[in-house]
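Derivation of every value follows stated rules applied to the coordinates shown; laboratory data play no part. Given the structure is predicted, the values throughout are model-derived calculations rather than measurements. So basically every Cβ, Gly included, is an ideal-geometry build from the backbone, and we count neighbours across all protein chains shown.
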Amino acid sequence: MMLKHFNEAIQDATRAIQLDKENTWAYNTRAEAYLQIERYKEAILDATVAIQLDPSDPVGYGTRAEAYRMMGNW
């Protein structure tokens with residue numbers, strides 16, 4: 001059941017990104033959803049985009065760091 005919710009979150013965030021390529025919230029949301037379903041590489045990619053869009057927002061850094069940690073790259 002939880003997997004379905006994360007997949008829905010990914011779909012919704014993807015739609016938001018399609019509407020606004022600079023939507024930091026959507027990239028962070030999708031990165032967190034990827035992290036929760038253990039798709040760490042995708043989480044890192046989205047978190048990196050979020051960081052590039054808004055380097056002052058700490059959310060992307062935290063998500064990316066957690067994804068690297070879960071992959072054993074820390």
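State all residues of the stretch 23-74 that are over 9 Å from the mean Cα position of the chain (by Cα) and closer than 17 Å to HIS5 by Cβ; if no residue qualifies, say none.
Correct list: GLN36, ILE37, GLU38, ARG39.
Conditions tested, residue by residue: (1) in contact with a Gly (Cβ under 9 Å, 6 or more places away or on another chain); (2) of a type in the set (Ser, Thr, Tyr); (3) surrounded by 17 or more Cβ atoms within 10 Å (Cβ to Cβ).
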position	(1), (2), (3)
GLN11	no, no, no
THR24	yes, yes, yes
ASN28	yes, no, yes
TYR34	no, yes, yes
VAL49	yes, no, yes
TYR61	no, yes, no
ASN73	no, no, no
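Can you pull out the residues in the stretch 42-74 that are touching a residue at least 12 places away in the same chain (Cβ under 8 Å) and assigned to a loop (DSSP other than H, G, I, E, B)?
Matches in the stretch 42-74: ASP54, ASP57.
How about the stretch 16-40: which of its residues are of a type outside the set (Ser, Thr, Tyr), under 21 Å from GLN52 (Cβ atoms) and part of a helix (DSSP H, G or I)?
Those that are of a type outside the set (Ser, Thr, Tyr), under 21 Å from GLN52 (Cβ atoms) and part of a helix (DSSP H, G or I): ALA16, ILE17, GLN18, LEU19, TRP25, ALA26, ASN28, ARG30, ALA31, GLU32, ALA33, LEU35.
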